[in-house]
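Read the structure below first, then the notes.
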Number of protein chains: 2
Amino acid sequence: MLRSDITVAIRDAVMHELAEVGYGRLSIEAVARRAGVGKTAIYRRWSNKLEMVLEIVSDVAGRTVPLPDTGSFAGDLQLIMMIVSRALQHRIASQIIPDLMAEAARNPQIAETLQKALRTHQQAVGEKLVGQAVTRGELPEGTDPDLAVDLILGPLYWRLAVSRTKPDAEYLEKLMAAVTVALRGSAG
Amino acid sequence: MLRSDITVAIRDAVMHELAEVGYGRLSIEAVARRAGVGKTAIYRRWSNKLEMVLEIVSDVAGRTVPLPDTGSFAGDLQLIMMIVSRALQHRIASQIIPDLMAEAARNPQIAETLQKALRTHQQAVGEKLVGQAVTRGELPEGTDPDLAVDLILGPLYWRLAVSRTKPDAEYLEKLMAAVTVALRGSAG
DNA sequence: AAACGGCGGAACGCAACCGTAACGTCCTGG
DNA sequence: CCAGGACGTTACGGTTGCGTTCCGCCGTTT
């Protein structure tokens, strides 16, 4: 019944508004203004700000990134780092993600949604990545998948989302080498 | 002339308010209420919200953490990781830091202040840490201090501020080992 | 004793926002 | 051609916050 073009416009407006002012200052009015619709159109679809944002964000985040399976650990690693650094350099994502992370620290509902949207998936990626590599003999048995994920995502996230400096190709190579060596050598 | 006990009360209130609602929803009125002072007392000290927050935060952050100098790379590393994980587990800090990080993405003034407060200092730590280790022969020459910092802070920050799971002693040991191996083996 | 100045408190005009209720419009089916 | 329903838009009262101004209080300085 609800006109889908309007729903799309609202979803779009929420993402952009979220990026510009953050969750804390997100207002329904501003969303409506930007989407070119009335506030009622929004309230007919969601009952409040939190519900609206959570539904929209988890929908976007839920479009699962495919699990890595390039045939070699180095390839998988490179692929993951490419995808993550792409994602974290995306203008909108790079503002929304840290913002919601911060918000999650004080809103359990947001925290839970983000956990579902991000952590669950990343855990799966970590386990698959490490599992495959162990099977192939590229990593020692007993390698901790969680540690692997932290070692891969941590530095990237730190650099891209916190220091906000662009990593060049050389840096990425160094990081890849470091992570590889770290995982190969620390579990034995 | 300004009563210092009142200034302290305001500073304290700002930090707590910042942790509870974030920068986006921080209101002068709430700060005054919490501090038990009149708004006038605040406006007499700072001319607006941004200036107030920046001054207070950078003051707190500016209390420089001492540079590591325990005599061995392993010791320095452990010390740094202890300090950082302590800091990031602090109730107030763990909420304020991600919040301001996110805010910095859209407010250049905040970004600049945080850069000064955090990045400059961390760079110094990284250079000292790596420099000492290289001199001692614990790390190969040409080790990238920036990469080292990213490898150390990234995973810790990711785990503590993003995934929000407490790292146990075992995890920290693994991480230390991984970082050590990574830096030792990847620059050659 | 008198002047000074920071203090809390109250109120101001202004702006933004919330959530709702009344309104007008468009589409559909009879 | 019209009735009915679902829609988006407009208008509204109420709240919150900003930054400012004025007031009376009180401790300090001169």
Taking all protein chains as present, what is the carbon and sulfur share of the accessible area of chain B, in % to the nearest whole number, probe 1.4 Å?
54 percent
Exposed trypsin sites (Lys or Arg not before Pro) being those in a DSSP loop with at most 10 other Cβ atoms within 10 Å, the longest stretch of chain A free of them is A:64-188
Pair B:Ser27, A:Asn48: separation of 7 Å Cα→Cβ label points (nm)
1.6 nm
By how many degrees, between 0 and 90 and to the nearest 10, does the Cα long axis of helix B:4-21 differ from the longest principal axis of chain B?
70 degrees
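Roughly how crowded by other chains is peptide A:101-110, in terms of the mean Cβ count from those chains within 10 Å of each of its Cβ atoms? Kindly include the intermediate steps, with their values, before the conclusion.
Numbers: counts 8, 13, 6, 3, 12, 6, 0, 0, 0, 0.
Mean shielding count: 5.
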Label position 7 Å from Cα toward Cβ: report the copy-to-copy distances for A:Thr120 in nm, one decimal, ordered from shortest.
4.5
Considering Cα pairs under 8 angstrom that are at least six residues apart, work out the relative contact order of the range B:1-86 and quote it in whole percent.
23 percent
³J(HN,Hα) across the range B:148-164 via Karplus (A = 6.51, B = -1.76, C = 1.60, θ = phi - 60°), whole Hz, x for Gly/Pro?
4, 4, 4, 5, 7, 6, x, x, 4, 5, 4, 5, 7, 9, 9, 6, 6
What are the semi-axes of the equivalent ellipsoid of chain B, taken as the square roots of 5 times the eigenvalues of the Cα gyration tensor, listed largest first and rounded to whole Å?
37, 16, 14
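Please report the buried accessible area for the interface of A with B, total over both chains, probe 1.4 Å, in Å² to the nearest 100.
Approximately 3800 Å², summed over both chains.
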Shape call for the range B:1-99, from the Cα gyration tensor axes a ≥ b ≥ c (a/c under 1.5 means rounded, otherwise prolate when a/b beats b/c, else oblate), comes out prolate
If the label for B:Gly75 sits 7 angstrom from Cα along the Cα-to-Cβ line, what are its distances to the same label in every other copy, in nm to one decimal, shortest first?
4.7
Given R₀ = 45 Å, what would the calculated FRET efficiency be for B:Thr40 paired with B:Lys166, taking r from the Cβ atoms and rounding to 0.05?
0.55
Taking Cα atoms, how many degrees apart are the long axis of helix B:91-104 and the longest axis of chain B, rounded to 10 and kept between 0 and 90?
90 degrees
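Counting only other chains, and only Cβ atoms inside 10 Å, what mean value do you get across the residues of A:163-173?
Working: counts 12, 7, 3, 0, 3, 0, 0, 1, 4, 0, 1.
Across the residues of A:163-173, the mean count of other-chain Cβ atoms within 10 Å is 3.
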Can you give me the angle between helix B:49-62 and the longest principal axis of chain B, using Cα atoms only, in degrees from 0 to 90, rounded to the nearest 10?
40 degrees
What figure in square angstrom, to the nearest 10, would you give for the accessible area of A:Ser58 with a 1.4 Å probe?
50 Å²
At 7 Å out from Cα toward Cβ: B:Gly142 inter-copy label distances (nm, ascending)
3.3
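Peptide A:142-153: average number of partner chain Cβ atoms within 10 Å per residue?
Working: counts 0, 1, 5, 0, 6, 8, 1, 4, 14, 9, 3, 6.
Mean shielding count: 5.
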Could you give log10 I(q)/I(0) at q = 0.07, 0.14 Å⁻¹ for the protein assembly as shown, computed by the Debye formula over C-alpha point scatterers of equal weight, without solvent?
-0.35, -1.23
Which value, in Å², gives the accessible area per residue of the protein assembly as shown when a 1.4 Å probe is used on the protein heavy atoms?
48 Å²
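The values are calculated or read from the model by the stated rules, or taken from the named source; none is laboratory data. A quick note: this is a predicted structure, and the numbers were derived from the prediction, not measured. Glycine gets a Cβ as well: all are built from the backbone with ideal geometry, and neighbour counts include every protein chain shown. Quick note on the areas: whole protein, heavy atoms, side chains included, nothing else; ligands and nucleic acids left out. Shrake-Rupley method; radii C 1.70, N 1.55, O 1.52, S 1.80 Å.
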